[in-house]
Amino acid sequence: MRRDKAKEMFDHGYQHYMKYAFPLDELNPISCDGRTKDLQNPDNWNINDVLGNFSLTLVDSLDSHAILNDRPAFEEAVRLTIQHVNFNLDSRVQVFEVTIRMLGGLLSGHLLASEEEFGFKLPWYKGELLDLARDLGDRLLPAFDTGTRMPLPRVNLRTGVLPWETNSTCAAGAGTLLLEFGVLSRLTGDPKFEALKVVWAHRSDLNLVGNTMDVQTGKWISTMAGIGAGIDSFYEYQLKSYILFGDHTFATDFAEAYQAILKHVRDVDGHIYKQVDMNNGGLMATWIDSLAAFFPGLQVLAGDLPSAIRHHQVYWTVWRRYGGMPERFDFKSKGIAIAGYPLRPEFVESTYMLYQATKNPFYLEVGERILEDLERTARVDCGFATIGSVETGKHEDRMESFFLSETLKYLYLLFDQDNFINKLDSNFVFTTEGHFLPLPRRFLTKPKPPSASKSTSPPIDTCQNFQQQHFPSIWPAETGPLLSKEEVRAIDRLVAFENLEEVDG
């Protein structure tokens, strides 16, 4: 059974992490040992931005145990987190990565352990994960002391911002904090954790945001606009903040942003989402990246199924060609620009979202192929290894925490339609790290600063009529579930994958 296979793969990775790597941050699945910060090379940002010597994989995977219906493993992971994790560390980390992986993991674990409705409430639990989350939030706050209130990219968890810290950050790094910090604010009742919607205020006249900016001045350093690396989750959190918190300004902002993407970033055929200049829409690069494969799933949430189906097909064709998702594919040369695949979840996430929206078995077949390819190409004796090149199949000795917190979680949910997540009808979201974040209604009202009025906000609506309210005429109300064979063939040609024995769909 495909669901059980996804669970077995998760257990293979997680149990070997616990056996060979814990309490370190990540598993090295080839050498069968653990890794944490690279103290010999402080400028190794690929490692040091993410790993902080705080048992990253344990915390990032907390809610995965519950979603994979393993209550004993969830309870044990909560206990181990309480016993072993602390943040009084001389550790310089990236604010974005620590927020989405650690803060999000703690908040999701807390809500599952403390709320009755999800079926995983622990009778002995006293809110210790929320205490850890608050401590972490306090240690990240110094990064926000800038001229724009957008955070500096890195902070030392013990000493704060270092004097020589760079002012340059990406739009995603500055704009992907709203969910975690907003939930922390509501759960603690402390308004200081409310992240601000500052990035959108610096958009261009085309309603596009660039890739990199100076957080002290708000000036753009890179004006390249798109939906992939450096920008991706900025758009994701615009829409998901509306869904979770019910603030209609987020919906209005996303509606403007999304229409600008369709007009200036998407190509005329509706297949490729380009890298363009935020000020004039001119083409700046001819590649698409694997991080942007999340966008069809976001289009599902926005109600734009035709665009989501078409966009997903491009990435599915890339996957079929290589048996994995290269970091970058160049649509001009029709070849790989960056060949590595660190077992990212974004394409799996969109496949799951499209199946939830359409119930078309085609997406189950896509998920089955992904599952088989991951088992075939990435499994090693002690876990699952990063694919250094989807062309050669060469392994790298790293299993990133998101493989357990997202990739296998979305695959399990795709094949487990009776899962409690798939039956919920409330304002929950998955964060950009795949953490389950619900917000019980009693927490919806934003905490007021001490000087503010004590009056409560009016009831907050949830996201039920988003398409009707904001996109009444962009796409037809009725659409077929999949593409025509002619359009599938056009996408095959776009990716140089034309010699298929049969055309999917």
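For the condition over 19 Å from Leu51 (Cβ atoms), polar (S, T, N, Q) and open to solvent by less than 20 Å² (accessible area, probe 1.4 Å), what is the one hit in Thr431, Thr392, Thr386? Within the list Thr431, Thr392, Thr386, the selection yields Thr431. Across region 99-136, the qualifying residues are those that are of a type outside the set (A, V, I, L, M, F, W, C) and closer than 17 Å to Asp60 by Cβ, and the one among them that is surrounded by the fewest Cβ atoms within 10 Å (Cβ to Cβ) is His110. Only one entry in Leu371, Leu364 is part of a helix (DSSP H, G or I), within 28 Å of Asp25 (Cα to Cα) and at pLDDT 95 or above, namely Leu371.
Each row is one residue, and each column tells you yes or no for (1) within 16 Å of Leu439 (Cβ to Cβ); (2) within 25 Å of the chain's Cα centre (by Cα).
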site	(1), (2)
Leu112	yes, yes
Gly119	no, yes
Leu141	no, yes
Gly160	no, no
Ala171	no, yes
Leu178	yes, yes
Asp214	no, yes
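Residue count for region 22-33 under the criterion of being closer than 12 Å to Asp397 by Cβ and surrounded by 18 or more Cβ atoms within 10 Å (Cβ to Cβ): the result is 4.
Tell me, which strands (runs of 3 or more DSSP E) wholly within region 250-308 include 2 or more residues that are in contact (Cβ under 8 Å) with a residue 60 or more places away in the chain and under 20 Å from the mean Cα position of the chain (by Cα)? Where strands (runs of 3 or more DSSP E) fall fully within region 250-308 and carry at least 2 residues being in contact (Cβ under 8 Å) with a residue 60 or more places away in the chain and under 20 Å from the mean Cα position of the chain (by Cα), they are 287-289.
When the residues of region 43-72 are filtered to those that are over 20 Å from the mean Cα position of the chain (by Cα) and assigned to a helix (DSSP H, G or I), the one that is nearest to Lys423 (Cα to Cα) is Arg71. When we screen Gln417, Gln464 for residues that are assigned to a loop (DSSP other than H, G, I, E, B), modelled with pLDDT of 90 or more and either of a type outside the set (Asp, Glu) or crowded, with 19+ Cβ neighbours inside 10 Å (or both), the only hit is Gln417.
Okay, residues lined up against (1) crowded, with 23+ Cβ neighbours inside 10 Å; (2) closer than 21 Å to Leu408 by Cα:
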position	(1), (2)
Trp287	no, no
Leu298	yes, yes
Ala308	yes, no
His311	yes, no
Lys332	no, no
Glu368	no, yes
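Closer than 30 Å to Gly160 by Cα and modelled with pLDDT of 95 or more: which single residue out of Leu68, Leu56, Leu39 fits that description?
Numbers: Leu68 fails: closer than 30 Å to Gly160 by Cα; Leu39 fails: modelled with pLDDT of 95 or more.
Result of the check over Leu68, Leu56, Leu39: Leu56.
So, Phe96, is that one in a helix (DSSP H, G or I), touching a Cys at 6+ places or on another chain (Cβ under 9 Å) and crowded, with 20+ Cβ neighbours inside 10 Å or not? Criteria met by Phe96. Scoring Ser185 on the criteria (1) at pLDDT 95 or above; (2) closer than 27 Å to Gly210 by Cα; (3) surrounded by fewer than 20 Cβ atoms within 10 Å (Cβ to Cβ) leaves a single failure, condition (2). Listed by first and then second residue, the pairs linking a residue in region 144-168 that is closer than 24 Å to Thr223 by Cα to a residue that is part of a loop (DSSP other than H, G, I, E, B) and of a type in the set (Ser, Thr, Tyr), with Cβ atoms under 8 Å apart and 6 or more places separating them unless they lie on different chains, are Gly147/Thr217; Thr148/Thr217; Leu152/Thr146; Leu152/Thr166; Pro153/Thr166; Arg154/Thr166; Asn167/Thr146; Asn167/Thr217. Just for region 228-278: of the residues that are in contact with a strand residue (DSSP E or B) (Cβ under 9 Å, 6 or more places away or on another chain) and of a type in the set (Lys, Arg), which one is surrounded by the fewest Cβ atoms within 10 Å (Cβ to Cβ)? Filtering region 228-278 for residues that are in contact with a strand residue (DSSP E or B) (Cβ under 9 Å, 6 or more places away or on another chain) and of a type in the set (Lys, Arg), the one surrounded by the fewest Cβ atoms within 10 Å (Cβ to Cβ) comes out as Arg266.
The values are calculated or read from the model by the stated rules, or taken from the named source; none is laboratory data. Since the model is a prediction, treat every value here as computed from it, not as a measurement. Every residue, glycine as well, gets a Cβ built from its backbone with ideal geometry; the counts of neighbours run over all protein chains shown. Note: accessible area is taken over every heavy atom of the protein model, side chains too, but ligands, DNA and RNA are not part of it. Shrake-Rupley method; radii C 1.70, N 1.55, O 1.52, S 1.80 Å.
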